[in-house]
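Trainee: Attaching a single structure in structure tokens format; questions to follow.
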Amino acid sequence: MNAPDPNAFSLDINDSEDAELIEYFLGELPERVDAINQASSSDDVEQLGRLAHQLKGAAPGFGFPLIGSAAAKLEGSIRALDQSEEDVNLVRAEVENLISLCQSYISQSKNSH
Amino acid sequence: MVDPKDLQLDTTPVVLLIDDSQFVHRLLDARMRSESISLIGEFNGKNGFERAVEDSPALILLDLDMPVMDGFETLRALKEEAKTKDIPVIVLSGMDSSQDKVTAFDLGAIDFVTKPFELTELRARVRSSLKMSALMKMLSQKAQIDGLSELYNRSFFDDRFKEEYDRAIRHGHPLSIALMDLDHFKSINDTFGHPAGDTVIAGVAKIAVQECRSSDIACRYGGEEFVLIMPETSPADAFTLCDRIRERCEATTWAQHPGRPVTISIGIVGATDGAGIQCTPAAMIELADRNLYDAKKSGRNMVRASDINGAQVKIAKAS
């Protein structure tokens, strides 16, 4: 997938309060990605749903609406999950999508430091 | 007594956030900084409920989707607990579901906000809820206050006396009440006019409040009659307090009629041990009224007190 558009930050990195929130979120993100990976590889659907739900609710407020909508899509697919091959693959694809999106933000922030 | 500060909107209100997501706590911490509120937080429904009982916040922001005790369960518990039932609750939810909204409002939520929330909007909703609850609190307090004397009114007395009466019996604690009546009040109105009479009512009420301890409850009982509920007070101690009120009334000089002092007669009845109270609350008031009547009949400017079982405690008359 393409690198996320930096304009997707709806917060202003030059505003100190906004910068503080962005930094906090990026600092927490690797841990969340690990947790998503772990829940996904152990097929803990409930935990995966909870993690997606929290990211959906929180990410836009921290200036990451793209992560919010990827998490919302994942949460929606998990809720619709009926164990068919097709659905399971969809959830896996959305997990991948969410993780790679998060990772691109993480590496982007590392490069800028 | 009602503290006038409670009627103002400008004390920093405490807002309790109950949400299992660290992200939401962090976000609101930052975004509510500009509001004149003090934000406290808990991470699950059980702790949140306990914190609300302990700290009585002005407003609660409650997440719905929480493990262990979810938001609806927490909301139900908050609305069932006397100490928290009047605290406004704004429900936060990651699900934009009509059924959830209906349930939340049915359970007593004041507002419903869907996550991810627009922070400007949430701040406005917080402000509006705080304002509304402060106004409602003010209204309910005003409804209990007598406008002229600024004491509690009769209907507040009726409810509160019943509560104190039940409490005294249950715990075997002392309880006394005093009925007070201004002597020859009608002649003040007739001679100096009703505004002068009103000043006397307000002035005597002020003396009573100044002499009362914070646990005493002073109410306007009727025209020129006041009633004092004194929890944890034996009739002998109630006598000491009321005789000070009587003395101060007598010693007060009134600007509108400096040559005409105002005196008061007081009838007290009480129990040193609440467990010994055998009569109804109404009968207790009647006993106090009988002592008041005796004080009037014996020359006024006098306090008469007796124990609820009939034993006379003390009589005092101006020297």
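The values are calculated or read from the model by the stated rules, or taken from the named source; none is laboratory data. Because the structure is a prediction, the values reported are computed rather than measured. Positions of Cβ are backbone-derived with ideal geometry, glycine not excepted, and every protein chain shown enters the neighbour counts. We work out accessible area using only protein heavy atoms, side chains counted, and drop any ligands, DNA or RNA first. Shrake-Rupley method; radii C 1.70, N 1.55, O 1.52, S 1.80 Å.
Trainee: Which members of the stretch A:32-41 meet the condition of being charged (D, E, K, R) and more than 10 Å from chain B (Cβ to nearest Cβ)?
Mentor: A:D34
Trainee: Next question. Go through the stretch B:35-67 and count every residue that is under 32 Å from the mean Cα position of the chain (by Cα) and at pLDDT below 90.
Mentor: Number satisfying all stated conditions: 2.
Trainee: Could you check A:Q54 against (1) within 13 Å of chain B (Cβ to nearest Cβ); (2) without any contact (Cβ under 8 Å) to a residue 40 or more places away in the chain; (3) over 11 Å from the mean Cα position of the chain (by Cα) and say which number it fails?
Mentor: In the conditions (1) within 13 Å of chain B (Cβ to nearest Cβ); (2) without any contact (Cβ under 8 Å) to a residue 40 or more places away in the chain; (3) over 11 Å from the mean Cα position of the chain (by Cα), A:Q54 misses (3) alone.
Trainee: Sticking with this one: Look through A:G68, A:G49, A:G63 and report the one residue that is in contact with a Phe, Trp or Tyr (Cβ under 8 Å, 6 or more places away or on another chain) and within 11 Å of another protein chain (Cβ to nearest Cβ).
Mentor: A:G63
Trainee: Return the total of residues in the stretch B:225-260 being closer than 20 Å to B:G193 by Cα and open to solvent by less than 70 Å² (accessible area, probe 1.4 Å).
Mentor: Number satisfying all stated conditions: 6.
Trainee: Given (1) away from every other protein chain (no Cβ under 14 Å); (2) surrounded by fewer than 17 Cβ atoms within 10 Å (Cβ to Cβ); (3) closer than 26 Å to B:D19 by Cβ, identify the lone condition not met by A:D44.
Mentor: Among (1) away from every other protein chain (no Cβ under 14 Å); (2) surrounded by fewer than 17 Cβ atoms within 10 Å (Cβ to Cβ); (3) closer than 26 Å to B:D19 by Cβ, the lone unmet condition for A:D44 is (1).
Trainee: Listed residues A:I106, A:I36, A:I13; which is in contact with a helix residue (DSSP H, G or I) (Cβ under 7 Å, 6 or more places away or on another chain) and open to solvent by 80 Å² or more (accessible area, probe 1.4 Å)?
Mentor: So the residue among A:I106, A:I36, A:I13 that is in contact with a helix residue (DSSP H, G or I) (Cβ under 7 Å, 6 or more places away or on another chain) and open to solvent by 80 Å² or more (accessible area, probe 1.4 Å) is A:I13.
Trainee: Suppose the filter is modelled with pLDDT of 90 or more and out of contact with any Cys (no Cβ under 9 Å at 6 or more places or on another chain); does A:S77 pass it?
Mentor: Against the criterion (modelled with pLDDT of 90 or more and out of contact with any Cys (no Cβ under 9 Å at 6 or more places or on another chain)), A:S77 qualifies.
Trainee: Does B:K79 qualify as being more than 14 Å from chain A (Cβ to nearest Cβ), over 20 Å from B:S129 (Cα atoms) and assigned to a helix (DSSP H, G or I)?
Mentor: no
Trainee: Something else now. Just checking, which of B:L135, B:L139, B:L179 is at pLDDT 95 or above and either buried (at least 21 other Cβ atoms within 10 Å of the Cβ) or outside any strand (DSSP E or B) (or both)?
Mentor: Result: B:L179 is the single residue among B:L135, B:L139, B:L179 that is at pLDDT 95 or above and either buried (at least 21 other Cβ atoms within 10 Å of the Cβ) or outside any strand (DSSP E or B) (or both).
Trainee: Being within 24 Å of A:G63 (Cα to Cα), part of a helix (DSSP H, G or I) and of a type in the set (D, E, K, R) is the filter here, so list the residues in the stretch B:11-62 that pass it.
Mentor: B:R26, B:D29, B:R31
Trainee: Would you confirm whether or not the stretch B:100-122 contains a residue that is open to solvent by 50 Å² or more (accessible area, probe 1.4 Å), aromatic (F, W, Y) and free of Cβ contacts under 8 Å to residues at least 40 places away in the same chain?
Mentor: Yes, some residue in the stretch B:100-122 is open to solvent by 50 Å² or more (accessible area, probe 1.4 Å), aromatic (F, W, Y) and free of Cβ contacts under 8 Å to residues at least 40 places away in the same chain.
Trainee: Inside the stretch B:145-162, can you point out the residues that are free of Cβ contacts under 8 Å to residues at least 60 places away in the same chain and under 13 Å from B:A282 (Cα atoms)?
Mentor: Once the filter is applied, which keeps residues that are free of Cβ contacts under 8 Å to residues at least 60 places away in the same chain and under 13 Å from B:A282 (Cα atoms), the stretch B:145-162 yields B:D158, B:D159.
Trainee: Examine the stretch A:80-97 for a residue that is away from chain B (no Cβ under 14 Å), touching a Phe, Trp or Tyr at 6+ places or on another chain (Cβ under 8 Å), open to solvent by 40 Å² or more (accessible area, probe 1.4 Å) and part of a loop (DSSP other than H, G, I, E, B), and state whether such a residue exists.
Mentor: No - not one qualifying residue is present in the stretch A:80-97.
Trainee: Which ones in the stretch B:152-170 are surrounded by 13 or more Cβ atoms within 10 Å (Cβ to Cβ), farther than 28 Å from B:T199 by Cα and of a type outside the set (D, E)?
Mentor: Within the stretch B:152-170, B:K162, B:Y165, B:R167, B:A168, B:I169 qualify.
Trainee: Determine if the stretch A:14-28 includes at least one residue that is more than 14 Å from every other protein chain (Cβ to nearest Cβ) and touching a residue at least 24 places away in the same chain (Cβ under 8 Å).
Mentor: So far as the stretch A:14-28 goes, no, none of its residues is more than 14 Å from every other protein chain (Cβ to nearest Cβ) and touching a residue at least 24 places away in the same chain (Cβ under 8 Å).
Trainee: Something else: If you scan the stretch B:11-44, which residues turn out to be open to solvent by 50 Å² or more (accessible area, probe 1.4 Å), facing chain A (nearest Cβ under 10 Å) and of a type outside the set (D, E, K, R)?
Mentor: Answer for the stretch B:11-44, where residues must be open to solvent by 50 Å² or more (accessible area, probe 1.4 Å), facing chain A (nearest Cβ under 10 Å) and of a type outside the set (D, E, K, R): B:Q22, B:S34.
Trainee: Answer yes or no: is there a residue in the stretch B:241-252 that is farther than 20 Å from B:D216 by Cβ and assigned to a helix (DSSP H, G or I).
Mentor: Yes: the stretch B:241-252 contains one or more residues that are farther than 20 Å from B:D216 by Cβ and assigned to a helix (DSSP H, G or I).
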